[in-house]
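Down below is the structure, laid out as structure tokens.
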Amino acid sequence: MKAPGFTQWLAHLPALNQAQRLQVLHALQPAAGLEQVVALIGRLRADDRRCPRCNGPRWYRHGCANNLQRYRCRDCGRTYNDLSGTALARLRLRGKWLAYLDTVLASRPLRGAADEVGVHRNTAFRWRHRFLHKIKDDKPRQLGGIVEADELFMLESQKGARTLARPARKRGGVAGRRGISWELDCILVARDRTGQTIDAVTGRGPLMAEQAARHLLPVLDPQALLVTDSHAAYRAFARKHRIAHQAVNLRRGVRVRAGVGGIIHVQNVNAYHRRWREWIARFHGVASRYLPNYLGWRRALDGARITSSDQLLGLAIKPFNS
């Protein structure tokens, strides 16, 4: 709209009644959301804008497309925008992203989030896992002090798969065998006393010493004290890699005891398990292949570590090569 026409339109706004003003605000809301998210994306990528092909930091502006500034790399000539090379590339309806991220912060179920934002449930599902793709990798680099570790188990699920590798179970069903079996996904959680948490889906069935080493060894401080239950896999892992280790024998009713490094228990990590189970229940079953995304989602929300949609968007637009 040209300036004279806009001035004339603006002069008629006071004559609108309340219903008409609400219609105008409703019509302007998507555009306002788009401008807000585009400005936020530019601000988040301004300090570390690199070419997605060669990772070169030298660029110049090269026009605009789809409301996003484009750039040309001075090293390889590739053109790109701030979403190129990220999980959000070519994702549409950007004006609704921040509203959708508010539903992620509120842990809304799929259909509730779709209705609140005004998108189809399939779109909401696709957005959920595109936004969570990099969030699941946002983990602390090291756990120190007293580190509690314990595993929890969830029934393996092929929800959403077109073909099943086993007979279908009605409404999720139950495991065909008692106890810990290969029908269960094993989730290892380690947490230090400051609240730093790492988690990983180790595979099916009981935890093995090699799996514990794969996921715990890179993040354990050499001076850390590992506290676990009496599972043999933890003892074998700690003995092989010479890690200080204390165990509590939960089967004998020993939940808390005094140790060399302090009070020995696994109640912090078990409380995290409880919060996880209460939180994940609202989704009425999730596919095993998406468990890492949900673990990252819960970890981001735990202890109010992530409190705004801006923070979530900042994590989601990290490049694949970062």
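The values are calculated or read from the model by the stated rules, or taken from the named source; none is laboratory data. In this text the structure is predicted, and so the values were computed from the model without any measurement. Every residue, glycine among them, receives a Cβ derived from its backbone with ideal geometry; neighbour counts consider all protein chains shown. When the accessible area is computed, the model is the full protein with side chains, heavy atoms only, and any ligands, DNA or RNA have been set aside. Shrake-Rupley method; radii C 1.70, N 1.55, O 1.52, S 1.80 Å.
May I ask for the Kirkwood hydrodynamic radius of the stretch 115-161, worked out over all distinct Cα pairs and given in angstroms to one decimal?
14.7
Taking the Cα centre of the chain as the origin and placing charges on Cβ (Lys, Arg +1; Asp, Glu -1), which of Ala168, Trp182, Pro57 is farthest toward the positive end of the dipole?
Positive-most Cα among the choices belongs to Ala168.
Given that just one value was derived from the coordinates, which of [x] 24.7, 83; [y] 35.0, 120; [z] 22.0, 93 is Rg and Dmax of the Cα atoms in Å?
Here the calculated entry is [x].
Just want to confirm a number: the relative contact order over the chain, from Cα pairs under 8 angstrom separated by 6+ residues, in percent.
Working: 436 pairs, mean separation 63.8, N = 322.
Relative contact order here is 20 percent.
For the chain, what is the calculated [θ] at 222 nm in deg cm²/dmol (nearest 500), taking -39500 (n - 2.57) for each run of four or more DSSP H residues and dividing by its residue count?
-11500 deg cm²/dmol
Using unit Cβ charges (K, R positive; D, E negative) and no other charged atoms, how large, in debye to the nearest 20, is the dipole of the stretch 4-138 about its Cα centre?
620
Taking R0 as 51 Å, what FRET efficiency do you get between Glu35 and Ala271 from their Cβ-Cβ distance, rounded to the nearest 0.05?
Result of the calculation: an efficiency of 0.75.
Pairing the Cα long axis of helix 232-241 with the longest principal axis of the chain, what angle in degrees results, from 0 to 90 and rounded to the nearest 10?
Between helix and principal axis, roughly 80 degrees.
On the first, second and third principal axes, largest extent first, how far apart are the outermost C-alpha atoms of the stretch 81-167 in Å?
On the principal axes, the stretch 81-167 reaches 45, 41, 27 Å in Cα extent.
Work the Kirkwood hydrodynamic radius out for the stretch 1-158: mean of 1/r over every pair of different alpha-carbon atoms, inverted, in Å.
For the stretch 1-158, inverting the mean 1/r across all distinct Cα pairs yields 19.7 Å.
Per residue and in Å³, how big is the convex hull formed by the alpha-carbon atoms of the stretch 134-291?
Per-residue hull volume (Cα only) is 132 Å³.
Looking only at the stretch 129-266, where both bridge partners belong to it, what percent of the DSSP beta bridges are antiparallel (to the nearest 5)?
65
If only Cα atoms are counted, what is the Rg of the stretch 213-280, and what is its Dmax, in Å?
Over the stretch 213-280's Cα set, Rg and Dmax evaluate to 12.9, 36 Å.
Debye sum, Cα scatterers, the stretch 204-322, no solvent: what log₁₀ I/I(0) at q = 0.12, 0.13, 0.18 1/Å?
Taking Cα atoms of the stretch 204-322 as identical point scatterers yields -0.63, -0.73, -1.20.
Heavy atoms only, probe 1.4 angstrom, no DNA, RNA or ligands counted: give me Met208, Met1 ranked by accessible area, highest first. Don't jump to the answer; show the numbers that get you there.
Numbers: Met208 80, Met1 170 Å².
Ranking Met208, Met1 by accessible area, largest first, yields Met1, Met208.
Ratio of alpha-carbon Rg to the 2.2 N^0.38 Å globular estimate for the stretch 186-228, to two decimals, please.
1.15
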